[in-house]
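Trainee: Structure below; questions to follow.
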Amino acid sequence: MPIGTTITEYIIEEQRRIQNVSGDFTALINDVVIACKAISSTVRYGSLVGVLGVADTENIQGETQKKLDIISNNLFIKRNEWAGHVAAMASEEMDDVYHLPNQYPRGKYLLVFDPLDGSSNTDVNGAVGTIFSILRRPEGARGEPTTRDFLQPGDRQVCAGYALYGPSSMMVLTTGHGVNGFTLDQRIGEYILTNPNMQIPENTHDFAINSAYMRFWDPPVRRYIDECLAGKDGPRGKDFNMRWAGAMIADVHRVLCQGGVFLYPIDRKLRSKHQEGKLRLLYEANPMSFIIEQAGGLATTGTERIMALPPAGLHQRCSVIMGSKNEVERIIAYHLEDQ
Ligand code: AHM
Ligand code: MG
């Protein structure tokens, strides 16, 4: 059976298109890919190898960590710390910047990641995944990287991607020249290009939101969802479907493949906890926004473009509304009318 384009071939081709790029970036992506394969394999063994359930720890955001959160975080770090391509890393599961052990050379990239997004799904065999974002260390920065080096708006991402561990394992990637999807061929252990040049349909009849929080929503979000729910009899004149996987990565992947809108907006409940949203800007909202925009969609807080937000902290949260262009534009318009 012929083998299609592997993710490594694809990245090397990409590198050849860009001037003044060393092989560092290709090597870094390769290590990220290997880390994701290792996480994919661990997730698949589940109960057989005793990796399900909670650990006895909390992350900095006060969330109970799952065993798989910690295992995935360690796999990602160990695979990416040694080769000399990254300067430092940061993740959902670590309070502060992760500095590389002294024996390893420092590179020019900063790697930010959510090692296992949707980890509450692990115990029910639901879809989970890894999200990552690659930034360049700011020009002229010296010494060990600091938090400040990481606080770059999403527009500065060099690459963003996610690995989705569903019925098949997929990797979706952008380097700012469109979005490509790869499926892990378990027989040869390689991600193969299966979804070239992914584009989000501009119109949709799907939305994804946790409607258990409806009573806390701001009026523009409430208006949009009410109109969707009214279906054919309402102002939209068509019926909508609702989906909620409980893992952003799975819900956004659906949006990317079939169109739709994913919303985890700021609401009254989050504000009462002094939070600017639930999802984290650097390693959830920004990488997914980069992918969505590169596929022709939009990503906003409701009032601001997500990738233009200046991050104030490693674990900063933000309101997230992303997906099909015409639907997101409508939601932005509802926010403007409400101001
Ligand atoms: P996690 O990174 O700890 O898994 O949390 C993020 C997840 C998203 O993947 C998902 O969209 C959301 O939290 C679900 O939250 P809720 O349980 O409030 O619906
Ligand atoms: Mg997450």
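Trainee: Mind counting the residues in region 146-177 that are more than 16 Å from the chain's Cα centre (by Cα), farther than 23 Å from H85 by Cβ and either open to solvent by less than 50 Å² (accessible area, probe 1.4 Å) or not assigned by TED's automatic domain parsing to the domain that holds L100 (or both)?
Mentor: 0
Trainee: A further question on this structure: Any residue that is in a loop (DSSP other than H, G, I, E, B), surrounded by fewer than 24 Cβ atoms within 10 Å (Cβ to Cβ), of a type in the set (K, R) and out of contact with any Ser or Thr (no Cβ under 8 Å at 6 or more places or on another chain) - is there at least one of those in region 196-218?
Mentor: Looking only at region 196-218, we keep the residues that are in a loop (DSSP other than H, G, I, E, B), and these are 196-205, 209-210, 218.
The next check asks that each one be surrounded by fewer than 24 Cβ atoms within 10 Å (Cβ to Cβ); those that pass are 196-199, 201-205, 209-210, 218.
Within this subset, residues satisfying the condition of being of a type in the set (K, R) are none.
No: zero hits.
Trainee: Restricting to region 109-135, count the residues that are touching a helix residue (DSSP H, G or I) at 6+ places or on another chain (Cβ under 7 Å) and of a type in the set (D, E, K, R).
Mentor: Total satisfying the criteria: 2.
Trainee: For region 20-35, how many residues are surrounded by 16 or more Cβ atoms within 10 Å (Cβ to Cβ) and in contact with a helix residue (DSSP H, G or I) (Cβ under 8 Å, 6 or more places away or on another chain)?
Mentor: Within region 20-35, residues that are surrounded by 16 or more Cβ atoms within 10 Å (Cβ to Cβ) and in contact with a helix residue (DSSP H, G or I) (Cβ under 8 Å, 6 or more places away or on another chain) number 9.
Trainee: Could you tell me whether D31 is modelled with pLDDT of 85 or more and in contact with a Lys or Arg (Cβ under 6 Å, 6 or more places away or on another chain)? Quick ask: steps written out before the conclusion?
Mentor: On the way: modelled with pLDDT of 85 or more: yes; in contact with a Lys or Arg (Cβ under 6 Å, 6 or more places away or on another chain): yes.
Here the answer is yes, as D31 does meet what is asked.
Trainee: Within region 36-70, can you find the residues that are within 29 Å of F182 (Cα to Cα), among the hydrophobic types (A, V, I, L, M, F, W, C) and either surrounded by fewer than 20 Cβ atoms within 10 Å (Cβ to Cβ) or in contact with a Lys or Arg (Cβ under 6 Å, 6 or more places away or on another chain) (or both)?
Mentor: Selection gives A38, L48, V49, V51, L52, I70.
Trainee: List every residue pair whose Cβ atoms lie under 6 Å apart, where the two residues are 6 or more positions apart in sequence or sit on different chains, the first residue falls within region 239-255 and is in contact (Cβ under 8 Å) with a residue 24 or more places away in the chain, and the second residue, located anywhere, is in a helix (DSSP H, G or I) and within 12 Å of ligand 2 (Cβ to nearest atom).
Mentor: Every condition considered, the pairs that remain are A245/D251; G246/N121; A247/N121; V252/M288.
Trainee: Now for a separate question. Here are some residues: Q275, Q258. Which one is away from ligand 2 (no atom under 14 Å from the Cβ) and more than 23 Å from D226 (Cα to Cα)? Break it down stepwise before answering.
Mentor: Working: Q258 fails: more than 23 Å from D226 (Cα to Cα).
So the residue among Q275, Q258 that is away from ligand 2 (no atom under 14 Å from the Cβ) and more than 23 Å from D226 (Cα to Cα) is Q275.
Trainee: Filtering region 1-19 down to residues that are modelled with pLDDT under 75 and under 18 Å from Y109 (Cα atoms), which residue is most open to solvent (accessible area, probe 1.4 Å)?
Mentor: Q19
Trainee: Shifting gears a bit: Which ranges mark the helices (runs of 4 or more DSSP H) fully within region 241-339 that have 1 or more residues being farther than 23 Å from S133 by Cα?
Mentor: Answer list for region 241-339: 248-258, 268-272, 325-338.
Trainee: Looking only at region 155-178, which residues are more than 16 Å from ligand 2 (Cβ to nearest atom) and either part of a helix (DSSP H, G or I) or in contact with a Phe, Trp or Tyr (Cβ under 9 Å, 6 or more places away or on another chain) (or both)? Lay out the reasoning, then the answer.
Mentor: Residues of region 155-178 that are more than 16 Å from ligand 2 (Cβ to nearest atom), as a first pass: 155-159, 167-171, 173-178.
Correct list: D155, R156, Q157, V158, C159, S169, M170, M171, L173, T174, T175, G176.
Trainee: So which of D56, D123 is of a type in the set (D, E), more than 18 Å from the chain's Cα centre (by Cα) and in a helix (DSSP H, G or I)?
Mentor: Values: D56 fails: in a helix (DSSP H, G or I).
Sole residue among the options that is of a type in the set (D, E), more than 18 Å from the chain's Cα centre (by Cα) and in a helix (DSSP H, G or I): D123.
Trainee: Let me ask another. Residues being within 16 Å of ligand 2 (Cβ to nearest atom) and open to solvent by less than 50 Å² (accessible area, probe 1.4 Å): count how many of those fall in region 112-145.
Mentor: Residues meeting the conditions: 18.
Trainee: Residues that are among the hydroxyl-bearing types (S, T, Y), within 23 Å of F150 (Cβ to Cβ) and either out of contact with any helix residue (DSSP H, G or I) (no Cβ under 7 Å at 6 or more places or on another chain) or within 14 Å of ligand 1 (Cβ to nearest atom) (or both): does region 271-280 have at least one?
Mentor: Step one: of region 271-280, the residues among the hydroxyl-bearing types (S, T, Y) are 272.
With the extra rule that they be within 23 Å of F150 (Cβ to Cβ), the set shrinks to none.
There is no residue in region 271-280 that is among the hydroxyl-bearing types (S, T, Y), within 23 Å of F150 (Cβ to Cβ) and either out of contact with any helix residue (DSSP H, G or I) (no Cβ under 7 Å at 6 or more places or on another chain) or within 14 Å of ligand 1 (Cβ to nearest atom) (or both).
Trainee: Something else: Any residue in region 119-142 that's more than 15 Å from ligand 1 (Cβ to nearest atom): show its pairings with residues that are open to solvent by 30 Å² or more (accessible area, probe 1.4 Å) and modelled with pLDDT under 95 at Cβ separation under 8 Å, as long as the two are six or more apart or on different chains.
Mentor: Every condition considered, the pairs that remain are R136/K108; R137/K108.
Trainee: Residue by residue through region 264-298, note down the ones that are of a type outside the set (D, E, K, R), open to solvent by less than 10 Å² (accessible area, probe 1.4 Å), touching a residue at least 60 places away in the same chain (Cβ under 8 Å) and closer than 23 Å to L116 by Cβ.
Mentor: Matches in region 264-298: L281, L282, Y283, A285, N286, P287, M288, S289, I291, I292.
Trainee: Within region 299-315, work out how many residues are closer than 30 Å to Q258 by Cβ and open to solvent by 10 Å² or more (accessible area, probe 1.4 Å). Reasoning before the result, please.
Mentor: Going through region 299-315, the residues closer than 30 Å to Q258 by Cβ turn out to be 299-309.
Filter again for open to solvent by 10 Å² or more (accessible area, probe 1.4 Å), leaving 301, 303-305, 308-309.
The qualifying residues number 6.
The values are calculated or read from the model by the stated rules, or taken from the named source; none is laboratory data. Since the model is a prediction, treat every value here as computed from it, not as a measurement. When we count neighbours, we look across all protein chains shown, and the Cβ atoms used for this are built from the backbone with ideal geometry, even at glycine. Quick note on the areas: whole protein, heavy atoms, side chains included, nothing else; ligands and nucleic acids left out. Shrake-Rupley method; radii C 1.70, N 1.55, O 1.52, S 1.80 Å.
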